[in-house]
Structures are given as C-alpha cells and as structure tokens.
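Have a look at the structure below, then the notes.
The values are calculated or read from the model by the stated rules, or taken from the named source; none is laboratory data. Here the structure is a predicted model, which means the values were calculated and not measured. Here the Cβ is made from the backbone with ideal geometry for all residues, glycine too, and neighbour counts use every protein chain on show.
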Amino acid sequence: MAVCAVRNIFVTNITFASLGLSEPLLRALAAENYTTPTPIQVRAIPALLAGRDLLGIAQTGTGKTAAFGLPLLQHLAAIKLRADHRGTRALILAPTRELAIQIDTSLRTYGRHLNLRHAVILGGVNQNPQVNAMKQGVDILVATPGRLLDLVKQQHVRLDGVTALIVDEADRMLDMGFIKDVRRIVSMLPKKRQSMLFSATMPDDVVKLVGDMLHQPERIEVSPPTKTADKIDQRVIHIAQKDKRALLAHLLRDDQFKRVIVFTRTKHVANRVSEHLEKAGFSTDAIHGNKSQNARQRALANFKSGDVRVLVATDIAARGVDVDDITHVINFELPNEPESYVHRIGRTARAGSEGIAISFCDPSERAFLRDIERLVKRQIAVVTHDLPAGSLAPANANEERRPHHPAERNYKNPKRRTNFRGNRRAA
Ligand code: AMP
C-alpha cells in the first residue's frame with residue numbers, strides 16, 4: 001500500500017503511467033512530485049481517456065482537478081486542431097474567480113510541455129485582456145458563468161467549437177444562483193462533446209442538470225459529503241458573540257496557530273474582525289465579494305507566502321482556496337448552511353497533514369451547530385477557553401449560560417478535561 005499525499009486517501013501501487021497518460025504529462029507530474037494517483041484519478045483518468053462522460057461526487061482536496069485535467073490535456077494535444085477565432089475547444093465552468101484561477105494554474109502546470117493555449121474569463125476585472133486573449137482562439141478556457149455569457153453576448157467569445165465541457169462545484173453554482181446561467185451556456189454548446197460534472201453534494205437541481213448534461217456517465221464518489229476528513233480535530237467553544245474577538249486574539253497569541261483561516265458569515269464582520277486583529281498586531285487580511293479581484297489575489301498570495309498569518313474570509317470567497325499547511329480553521333461565526341461547515345473545515349488537513357477546526361458558537365447559533373452535527377453524524381467536542389475574565393466584554397445579564405457537557409475538553413490539550421469555568425480537573 002502506498003500512502004497518497006492527498007488527505008484521507010490510501011491507494012494501491014497504481015502509477016500515472018499505468019493509467020495511460022502520455023510522457024509529457026508524466027514529466028510534468030514528476031516535477032510536481034505527484035507519485036501516486038488519488039482514488040478519483042485512478043478511476044476517472046481511464047474512463048475519460050476512453051471518451052466517457054463523468055459524474056464526480058467529490059470535494060476539493062481529492063485531486064479532482066488533475067482527474068479531469070490530465071485526460072483533457074492529453075486529448076487536446078493528441079488531436080491537433082486549432083480553435084476558431086474567439087473560440088475554445090474545451091470549456092471549464094467554475095463558480096468563483098479564485099477557483100477559476102486555481103484550475104487554470106493547475107492545467108498550465110500539468111500541460112506545460114504540451115504547447116496548448118489557455119485563457120481565463122472572470123468577472124470583477126477589466127474585460128479587455130480577456131477579449132484579447134480569446135481573439136486567436138484557445139484550447140482551454142476556464143470561466144465563471146456570468147462574465148462568459150456577457151462576452152458571448154458581445155460576440156467576443158463563441159462556443160460552437162467546444163468538444164469538452166467541465167462544470168466544477170455544481171452545488172456551489174446552485175447556491176450562488178448560477179445554475180440558470182450554466183444551463184444557458186450548456187444549451188449553446190454542440191451536442192456532440194464529452195462532458196464532466198463535479199459536485200460535493202447532490203441537491204435535486206444538480207441531479208436534474210446531470211440528467212440533462214451527461215450521457216451515461218461514469219459515476220465516481222470519493223468521499224461522502226457528510227463525512228468530514230478524519231484527520232481534522234473538530235472542537236466547539238460556546239461563547240457570546242461580543243466576546244469572540246477577544247477570544248480569537250487570545251488564541252492567536254499561541255504560536256501553534258501558524259497559518260489560520262477565520263470564517264465569518266458576512267463581509268461586514270470579516271472586515272471588522274480583520275481590522276481588530278490588525279490593531280492587535282497580527283498580520284492579517286480579509287477576502288470577500290466586495291474586494292476587487294486584485295486585492296483578493298494579493299491577499300491569497302500573501303497568505304500562501306506566509307506574510308499574512310491570518311486570512312479572514314466569507315464562505316464564497318474561500319471556495320477554491322488551496323493553500324497547504326493551514327494549521328487551524330476558526331469558525332468565528334457558524335455557517336447557516338451545514339454543508340458550508342464541511343467545505344470550511346476542509347481547508348485544513350490538506351495534502352495529508354493534520355488540522356484543527358475550532359468553532360465559536362454564540363447561544364443564537366446553537367441551531368446551526370445542531371444541523372452541522374446531524375450532517376457530519378458526530379457530536380463536536382466542546383472545549384473551554386482560558387481567556388482571562390477581565391478581557392471579556394461586560395456580561396449581559398440575560399445571557400444564556402453554557403451548559404456543562406461531559407465531553408468538555410481544553411482546546412489546546414483535548415485529553416485534559418476542564419470544567420466550564422476553565423479550571424482543570426483530572427482526566
Ligand atoms: P484538488 O482536489 O484538485 O483541488 O487538489 C487538491 C490538492 O492536491 C492540490 O494541491 C493538488 O496539487 C494536489 N494533488 C492532486 N493530485 C495529487 C497527487 N496525485 N499527488 C499529490 N498531490 C496531488
């Protein structure tokens with residue numbers, strides 16, 4: 001048994017070469033130190049090389065980009081066709097700008113010896129460079145749906161030469177209200193094509209899209225959406241909303257919190273938390289939908305390089321953030337959609353490493369916590385904080401008291417039990 005670098009995955013000694021990939025791709029993979037294909041790659045690559053359609057029920061972190069990207073690159077390189085002016089041979093749709101850029105970067109890396117033309121189309125930035133990139137036609141276009149439709153309408157992009165379609169994170173397309181746009185785009189494509197759809201969950205509208213878009217697809221499910229990565233240590237701290245900022249700053253004083261993503265529900269709270277942390281002397285930045293694309297890319301680059309230690313993000317902005325070695329995910333606010341919790345905590349424990357997810361739960365968020373526990377089918381361990389009493393905001397007389405729970409543990413050392421005031425007891 002070989003252990004794969006991607007989280008939570010064990011596979012047998014199948015190699016990329018044995019899956020039928022060409023030499024230029026194998027060379028690029030070797031340079032990236034990909035030694036063993038992940039389970040989704042083991043199953044998807046031969047099916048796609050054989051021309052099948054594919055339904056992948058998988059989250060980011062499973063290696064799905066290479067699973068569809070490698071066969072796609074191989075086909076495009078083998079069939080030496082030039083795309084028409086303003087046209088593309090392959091179209092990949094992604095719900096967010098970050099994910100689109102990440103897919104494009106990965107495909108350029110895997111295809112670096114193939115001499116194919118790539119372009120990205122996304123909203124929030126000037127359209128002119130994108131229009132120019134499309135003028136001669138490209139082999140692979142990665143796009144977000146809104147801007148793509150816009151450019152098609154302006155006749156800067158044509159879709160009648162598409163031979164391969166990939167819809168990534170279809171459930172997120174639905175959440176973000178893009179599913180109609182996706183359907184419109186699909187209706188503009190030639191019927192004869194290879195199609196793939198990836199989704200972490202399968203709500204009804206995605207099932208319907210699959211029925212309309214895919215032809216007898218190979219179905220691959222790698223990790224059920226309800227199952228959170230085994231390697232993530234999940235804990236919850238019950239704390240009043242007004243005390244959360246003090247607790248966050250307190251936790252971050254611990255050096256073990258090396259690279260941290262903090263999630264909030266709204267852009268407004270993301271900004272406030274980031275400002276507060278900055279004042280407290282932490283290197284931090286925020287990413288959310290109101291920030292320009294350039295500001296978001298800069299924040300991500302600084303987070304990747306380690307110049308920014310704490311990235312504060314909303315759910316949508318964080319989709320597709322692929323940064324290794326995130327030590328902690330902190331849910332400053334719990335998400336109202338339990339699936340978002342799974343996506344959020346999946347940011348840590350990537351690439352085989354271990355990670356910790358800590359959720360702050362105000363009494364008003366208890367219902368969200370219950371929904372999350374129902375979805376992930378486990379009770380999340382309650383831990384107490386050791387925040388000095390004087391650093392908390394004045395107590396609200398009506399505030400609900402956090403009940404004592406037998407599973408209470410200290411957040412730094414889960415084995416040591418604490419009582420609800422934070423005093424240690426013997427385990
Ligand atoms: P994805 O699920 O496509 O977002 O990929 C998650 C991460 O795993 C990315 O950082 C990839 O570069 C990495 N990755 C994908 N496939 C492999 C592999 N076979 N071996 C090692 N790393 C991989």
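Can we say V262 is buried (at least 18 other Cβ atoms within 10 Å of the Cβ) and either under 24 Å from P39 (Cα atoms) or within 23 Å of the chain's Cα centre (by Cα) (or both)? Judged against the criteria, V262 is a match.
Take the residues in the stretch 47-93 that are within 11 Å of the ligand (Cβ to nearest atom) and in a loop (DSSP other than H, G, I, E, B), then tell me which one is nearest to the chain's Cα centre (by Cα).
Selected residue: T60.
Just wondering, is there one or more residues in the stretch 86-96 that are over 19 Å from L73 (Cβ atoms), surrounded by 23 or more Cβ atoms within 10 Å (Cβ to Cβ) and in the same structural domain as L174 (by TED's automatic domain parsing)? Step through it out loud before you land on a result.
The first filter runs over the stretch 86-96 and keeps only residues over 19 Å from L73 (Cβ atoms), leaving 86, 95-96.
Those left that are additionally surrounded by 23 or more Cβ atoms within 10 Å (Cβ to Cβ): 95-96.
Imposing the further condition that a residue be in the same structural domain as L174 (by TED's automatic domain parsing) reduces the set to 95-96.
The answer is yes, given that some residue of the stretch 86-96 is over 19 Å from L73 (Cβ atoms), surrounded by 23 or more Cβ atoms within 10 Å (Cβ to Cβ) and in the same structural domain as L174 (by TED's automatic domain parsing).
Within the set Q241, Q256, the sole residue that is within 21 Å of G355 (Cβ to Cβ) and among the polar types (S, T, N, Q) turns out to be Q256.
Any residue in the stretch 283-301 that is part of a helix (DSSP H, G or I), within 19 Å of D322 (Cβ to Cβ), basic (K, R) and outside the structural domain of I101 (by TED's automatic domain parsing)? Among the residues of the stretch 283-301, at least one is part of a helix (DSSP H, G or I), within 19 Å of D322 (Cβ to Cβ), basic (K, R) and outside the structural domain of I101 (by TED's automatic domain parsing), which makes the answer yes.
Going by what's in this entry, would A44 be described as more than 10 Å from the ligand (Cβ to nearest atom), crowded, with 24+ Cβ neighbours inside 10 Å and touching a residue at least 24 places away in the same chain (Cβ under 8 Å)? Steps first, please.
Working: more than 10 Å from the ligand (Cβ to nearest atom): yes; crowded, with 24+ Cβ neighbours inside 10 Å: yes; touching a residue at least 24 places away in the same chain (Cβ under 8 Å): yes.
Considered against the rule, which asks whether it is more than 10 Å from the ligand (Cβ to nearest atom), crowded, with 24+ Cβ neighbours inside 10 Å and touching a residue at least 24 places away in the same chain (Cβ under 8 Å), A44 comes out as yes.
Residues of the stretch 54-103 being of a type outside the set (K, R) and on the phi > 0 side of the Ramachandran plot, which ones? Result: G61, G63. Pick from the stretch 265-282 the residues that are assigned to a helix (DSSP H, G or I) and hydrophobic (A, V, I, L, M, F, W, C): which of them is nearest to the chain's Cα centre (by Cα)? Across the stretch 265-282, the extreme among qualifying residues is A270.
Condition test on K244, is it farther than 22 Å from K377 by Cα, crowded, with 21+ Cβ neighbours inside 10 Å and not hydrophobic (A, V, I, L, M, F, W, C)? It would help to see each step written out before you state the result.
Numbers: farther than 22 Å from K377 by Cα: yes; crowded, with 21+ Cβ neighbours inside 10 Å: yes; not hydrophobic (A, V, I, L, M, F, W, C): yes.
Spelling it out, K244 is indeed farther than 22 Å from K377 by Cα, crowded, with 21+ Cβ neighbours inside 10 Å and not hydrophobic (A, V, I, L, M, F, W, C).
Working carefully through the options Q216, Q194, Q154, find the one that is free of Cβ contacts under 8 Å to residues at least 40 places away in the same chain and more than 16 Å from the chain's Cα centre (by Cα).
On the way: Q216 fails: free of Cβ contacts under 8 Å to residues at least 40 places away in the same chain; Q194 fails: free of Cβ contacts under 8 Å to residues at least 40 places away in the same chain.
Matching residue, one of Q216, Q194, Q154: Q154.
Across the stretch 19-41, the qualifying residues are those that are of a type in the set (S, T, N, Q) and either assigned by TED's automatic domain parsing to the domain that holds D324 or within 10 Å of the ligand (Cβ to nearest atom) (or both), and the one among them that is surrounded by the most Cβ atoms within 10 Å (Cβ to Cβ) is Q41. Can you tell me which of L148, L189, L174, L159 is crowded, with 23+ Cβ neighbours inside 10 Å and under 23 Å from K208 (Cβ atoms)? Criteria check complete, one pass: L148.
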